[in-house]
1. Listed highest first by mean packing, meaning other Cβ atoms within 10 Å per residue, what order do 135-146, 220-231, 262-273 come in?
2. Would you count, across the chain, every pair of lysines whose alpha carbons are under 18 angstrom apart, provided the pair is eight or more residues apart or spans two chains?
3. Taking the Cα centroid of the stretch 242-304 and of the stretch 78-108, what is the distance between the two, rounded to the nearest whole Å?
4. Between beta-carbons, use under 13 Å as the cut-off and find the net charge around residue 127, counting Lys and Arg +1, Asp and Glu -1.
5. If amide hydrogens are placed 1.01 Å from N in the peptide plane, which non-local residues have theirs closer than 5 Å to the one on residue 61?
6. Using the alpha-carbon atoms, what tilt in degrees (0 to 90, nearest 10) does helix 146-169 show relative to the longest principal axis of the chain?
7. Please give the peptides 351-357, 67-73 ranked by average Cβ packing (other Cβ atoms within 10 Å per residue), highest first, as a rough proxy for protection.
8. Please list 345, 132 from largest to smallest accessible area, probe radius 1.4 Å, with all protein chains kept in place.
Amino acid sequence: MFLQYLHLQQFRNYSDQAIEFSAPKTILLGENAQGKSNLLEAVELLATLKSHRTNRDRDLVQNAMAMSQIRARLKRDLGVSSLQLTLRSASRRTAVLNGETLRRQQDFLGNLNAVQFSCLDLDLVRGGPGRRRSWTDTLLMQLEPVYVHILQQYNQVLKQRNAFIKQQTADRTPDQPPQIDPTQLALWDAQLATLGTRVIRRRARMLKRLIPIAQSWHQSISGSTEQLKIRYAPNVELEIYSDDANEIQQAFLDKLKTRTTAEYYQRTTLVGPHRDDIDFSIDDTPARQYGSQGQQRTLVLALKLSELQLIEAVVGEPPLLLLDDVLAELDLNRQNQLLDTIQDRFQTLITTTHLGSFDAKWLTSSQVLHVSDGRLLSK
């Protein structure tokens, strides 16, 4: 796939900027805080309907404006399509595909695929479980757009079950035994286990495909000196992991029963995929606590390269690669590994403050745009 055209209106610090992409690689050159990352963020939104920098649409709309708009023209093997996303400060966003306003935003997903890689991605290793769940879910949404609906359903039932628990415990006195209406709780448990099982199975399947790819990349980048292990750690555990929905669902229900008293006192749901994690280890040592900065960067780079490869395998076309100031975070060996992998295989948008990291061959085959205060100029 190839992003041919992008038009930003009142988006972040861009008032009205159109870009025609003319090369497999586009280098966005400029000082910090000029708008380089904002442009990549716009493409990320078209691919995932999410920004890794904010959860609020009003943050994406230019100051004092009511709305912003991102428009794009994308060429794929099946033809050219037009994408449009309208973001509003005080109301719902609107997604338009080939001139048709979509009733369900999830139908927008899967048209443009992209992998975002920024210095913030080190939190994949260093951060808490929520960061790793978000990474897993964002990738799944591109591979399997229906997953958005599945996750929304689960989160809605989780929210309702939490509200039920809070309501049941609101007026308790210290001398009352912990008790939640067992009949109503069983109904919420059944819904949560059914929907949670769908989430768990899809996460497990995706990671099963991703892990050997990531391990292969890690071997290559580290020169086969280190062994990477990745383990999905679902909150609902089975002695031997099974993809059987009935087994997972029963394990889910069994664990819920053991946590009823704890949920009563903590007033929240303590069982389910909203508490999943992913364990990374290098040579059997936890990467989060004990990995060096170099090891952690190698791990994240391997994960990002495996995302590219997995999306290409599932979708049938190479996704876009969005590199946000990551070369400064990588040593020369890792820079070369990344740039050599890209070549002209993936359309790449890369931000930088200087051109020193790129050799003459890279620069010759790249479109270089200078970014200054929300405006683009060809170099």
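The values are calculated or read from the model by the stated rules, or taken from the named source; none is laboratory data. In this text the structure is predicted, and so the values were computed from the model without any measurement. All Cβ positions, glycine included, derive from the backbone under ideal geometry; neighbour counts span all protein chains shown. Surface areas here come from the heavy atoms of the whole protein model, side chains and all, with no ligands, DNA or RNA. Shrake-Rupley method; radii C 1.70, N 1.55, O 1.52, S 1.80 Å.
1. Values: 135-146: 19.6, 220-231: 14.9, 262-273: 17.5.
Top to bottom by mean Cβ count within 10 Å: 135-146, 262-273, 220-231.
2. Going through the chain pair by pair, I get 13.
3. So the separation of the two Cα centres works out to 34 Å.
4. Numbers: positive: 126, 131, 132, 133, 288; negative: 121, 123, 277.
Every neighbour counted, the sum reads +2.
5. 12
6. The two axes meet at around 40 degrees.
7. Numbers: 351-357: 15.3, 67-73: 19.9.
The peptides rank, most packed first, as 67-73, 351-357.
8. On the way: 345 115, 132 10 Å².
Putting 345, 132 in descending order of accessible area: 345, 132.
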